[in-house]
Amino acid sequence: MSELEKAPTNPTGSPADISPPGTSRASAIALIDEGNALEEQGRTAEAMARYDAAVQADPGCARAHLNRGNVLLAAARIEEARGAYELAIVCDPRYAAAHYNLGNLRSGAGEYQRALHDYQAAIDIKPDFASAFVAMGNALDNLGRTAEARESYERALAINPRDAGTHFNLGVLATAEGKHQQAADSFRKAVDADPDAAAAHHALGQVLSSLGHLDAAEASLRRAWSIVPESEVFLHDLARVLLARSKAPDALQLTMLGLERAPTWTMKQVFADCVARTRFLTYDPRFRAPLTAAITEGWAMPSQLCRPALSLIALDPALARCVRVVDDAWPARPPKSALFGAGCLATLAADPLLHALLEAAPVNSIEFERFLTAARHALLEAAKSEQPPDPSDLAGVRFHAALARQCFINEYIFDCEEGERATAVACRARLLALLDAKAPVPPLLVLAVAAYFPLYTLPEPGRLLAIDHQGMLDGVLLQQVSEPLEEQALRGGIEQLTPISRGVSEQVRDQYEQNPYPRWIRLPINDPTARFNDELRRTFPLARFTPLRDDSQPEVLIAGCGTGSQPIITQQRFRGLRILAVDLSLSSISYAERKTRQLGITGIDYAQADILKLGDIRRSFDIIGAVGVLHHLADPFQGWRILLSRLRPGGFMHLGLYSQLARRHVVKARELISARGYAGTADDIRRFRRDLAAGNARAELQWLSQISDFYSTSECRDLLFHVQEHRLTLDEIQAFLSESGLHFIGFNLEPSVLREYRTRFPDDAAATNLANWSRFEADNPDTFAGMYQFWIQGPISH
């Protein structure tokens, strides 16, 4: 709402009142003067008493009614304020301030059309009433009459060219229309007129960031933050720009300040984004607690925080010594006494950051994986003994439990020698014998077995839930017994939407039945506030697209939903979605269903279906997501066409497809796999990884070891051993888009990559020219190492 006009202390030049002459009028004016002075001191109740007295002294005093209305409006006594303003107008129909204030009241109540009449009345009386032109512009903007709003703001500036707020409003209009250079010009005028206008500095920083002018954006956002240092929004956006400028350490230091001052969800997510791009080179204990919370509370995907956490953990002297011992002995397993040394196991058991990491994501470091492999062997060494456990082993139970959970998460990808496996099998037999005899079961024995075999695969695994373990096994038993049993129960209730095609579809289904992909633990959970159109515009501020006609409740299809992370992330990103998520694999869907229920998320329905059969269903969708799916079909473009047949006119698709160039190392690894006859089994995946490390394929190992998917069985199988894989080029994608009448909106990429692209191709600020991208990728072949992930829009019917 615009600022209210107030009756002046000095009545010179004010509108005439219909008031009795003489003492009554003079008394009313004096009372108004006193009320104004009291109101400036914050003594509102006393001021109101003076205005009431002024009305009693002179019932026709328009200025007294106006000021009463202002006080009543400030107290949210809307109808009484409305009556006061209307009385002021009755007393003096040409009182411009009263018309203006009544318009502001109506605007605040959402009565924009009626407010326009009030503002026009004020302007008719006072043609140079700049504030009324601004308020009229605001009302017109709220009514969606953008061109008229702009005209009204420009008329206000003709009267008062240095009004910062009006320049700001014009910048906001231009931003909403995607006219970012015009918006930047308006925001610059706003900060020139008012150097302390924090909101204008912030808006200028945002639009400069959209234009790729990151150095200037940083300067503007720093200025905004210096004016309002308590603003988490300003700090958030400044940190984003610093990340885009590859200044992650600076961004991290800033977000630590914000996190310490106000640990809001926004600040937590910004911290997680910053730390995800950080590698700790010196030990700083300040980061341990927030990084632990980021992993355990899901401030970001735990896999994104794994390498930063490992870099910090590895700086601990005790752990660093353990890693060196293993590295020196590898591939031999050092004995427990040499591995841990005095007190080391207790130290590991007391490290919450280490436990948080082991329990949340596959550890994605070769050196640390080898340490954990040796630690598992040491646990087996302790568990195989039938003697009472060593006190140091009991002190390390917390670490051993986290290790067992890590093994389950990565699906037992750690290297396992034949003798070690035989010992593990013997321990499993001993555990089953104790369960059969209903004898006491040592916790270390359960943990050792859980570190080599998923406990739910044991005969009658529910028996494990009844053993007395004094709370030491709670997390392991929940993960390896209770939750898998729940998934088995859910499996029977999953709807089969379509049959499964023979051939490739059946083979892909069988792969994911054996290895649901991926076995995620936590996701960042938000309360989505932005609807689809606004969020897509925020993501692609310079792109051209036609918004959905109605994005209040878009119908969404997630084709190939896997274990549920994609539909959940989609549902958490956009407000009001109704999602149908389908996949070939019942194992994957039952995992997704369990996690969705566990998180209390609604609005997602799961079903088993084959993309190749979706053309037979009657439903259509506003949005379709198929990330990492089409390239596993016998013909990716056939599947793409079928999905397009389910897309409503003007609908949107989010796709992820493998790049031929970016997966060159994967191609070489797959050639090696084929030549040596490795199968896609857990044993052969472990054997391949062992042979790769011992052989001559150093370039492939170095590249693969940087990929998180290399560190779990299901993900490694998906990465290197998939039964069906296609890799595409941008030329092929461009040809299909042209053939199908599809409009390319943009890639999902790191801001730093977009900055490099725009530096090279300044004429393509929207970054949508695929021919340019093809040239860029040729010179930067790892640009799309994950996938080509992008948004497109389908043809719009007229």
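The values are calculated or read from the model by the stated rules, or taken from the named source; none is laboratory data. No experiment lies behind these values; they were computed from the predicted model shown. Ideal geometry is used to build each Cβ from the backbone, glycine not excepted, and the neighbour counts take in all protein chains shown. Keep in mind that these areas ignore ligands, DNA and RNA; they rest on the heavy atoms of the full protein, side chains included. Shrake-Rupley method; radii C 1.70, N 1.55, O 1.52, S 1.80 Å.
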Completion exercise
Across (1) buried (at least 23 other Cβ atoms within 10 Å of the Cβ); (2) more than 27 Å from ARG162 (Cβ to Cβ); (3) touching a residue at least 60 places away in the same chain (Cβ under 8 Å), ARG94 clears everything bar (1)
Practice task
List the number of the failed condition for GLY650; all other conditions in (1) farther than 30 Å from SER705 by Cβ; (2) touching a helix residue (DSSP H, G or I) at 6+ places or on another chain (Cβ under 7 Å) hold.
Solution key: (2)
Practice task
Return a yes/no flag: does the range 179-192 have any residue that is within 24 Å of the chain's Cα centre (by Cα) and surrounded by 17 or more Cβ atoms within 10 Å (Cβ to Cβ).
Solution key: no
Exercise for the section: For residues that are closer than 15 Å to GLY560 by Cβ and of a type in the set (Ser, Thr, Tyr), scanning just the range 478-521, find the one that is most open to solvent (accessible area, probe 1.4 Å). Expected result: TYR517
Exercise for the section: Check whether at least one residue in the range 366-385 is charged (D, E, K, R), open to solvent by 10 Å² or more (accessible area, probe 1.4 Å) and without any contact (Cβ under 8 Å) to a residue 12 or more places away in the chain, and report yes or no. Expected result: no
Handout entry: 1 or more residues charged (D, E, K, R) and closer than 28 Å to GLU750 by Cα: qualifying helices (runs of 4 or more DSSP H) within the range 153-216
Key = 180-193
Exercise for the section: Would you point out which residue out of SER752, SER714, SER738 is assigned to a helix (DSSP H, G or I) and open to solvent by 50 Å² or more (accessible area, probe 1.4 Å)? Expected result: SER738
Completion exercise
Taking first residues from the range 532-546 that are open to solvent by 30 Å² or more (accessible area, probe 1.4 Å) and second residues anywhere that are in a loop (DSSP other than H, G, I, E, B), the pairs with Cβ under 6 Å that are 6 or more apart or on different chains are LEU542/ALA765; LEU542/ALA766; THR546/ILE796
Completion exercise
A careful count of residues in the range 665-687 that are touching a residue at least 60 places away in the same chain (Cβ under 8 Å), assigned to a helix (DSSP H, G or I) and either surrounded by 17 or more Cβ atoms within 10 Å (Cβ to Cβ) or hydroxyl-bearing (Ser, Thr, Tyr) (or both) gives 3
Problem - Of all residues making up the range 380-423, the number that are of a type outside the set (Val, Ile, Thr) and closer than 19 Å to PHE368 by Cα - result: 20
Exercise for the section: Please work out which one of (1) in contact (Cβ under 8 Å) with a residue 60 or more places away in the chain; (2) assigned to a helix (DSSP H, G or I) is the condition GLN638 fails and give its number. Expected result: (1)
Completion exercise
Residues of the range 558-578 being touching a helix residue (DSSP H, G or I) at 6+ places or on another chain (Cβ under 6 Å) and not in a strand (DSSP E or B), in sequence order, are CYS561, GLY562, THR563, GLY564, PHE574, LEU577
Fill in the blank from the handout: Flagged in the range 420-435 as more than 44 Å from the chain's Cα centre (by Cα) and open to solvent by less than 50 Å² (accessible area, probe 1.4 Å), in numbering order, are THR423, LEU432, LEU434, LEU435
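Per-residue answers, yes or no, for (1) closer than 30 Å to GLY615 by Cβ; (2) at pLDDT 95 or above; (3) in contact with a strand residue (DSSP E or B) (Cβ under 9 Å, 6 or more places away or on another chain):
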| residue | (1), (2), (3) |
| --- | --- |
| LEU464 | no, yes, no |
| ILE467 | no, no, no |
| PRO484 | no, yes, no |
| GLN496 | yes, yes, yes |
| ILE525 | no, no, no |
Problem - Number of positions in the range 247-268 that are open to solvent by 20 Å² or more (accessible area, probe 1.4 Å) and more than 20 Å from LEU312 (Cα to Cα) - result: 6
Completion exercise
In the range 66-75, anything open to solvent by 10 Å² or more (accessible area, probe 1.4 Å) and within 19 Å of HIS99 (Cα to Cα) is listed as ARG68, ASN70, VAL71, LEU73, ALA74
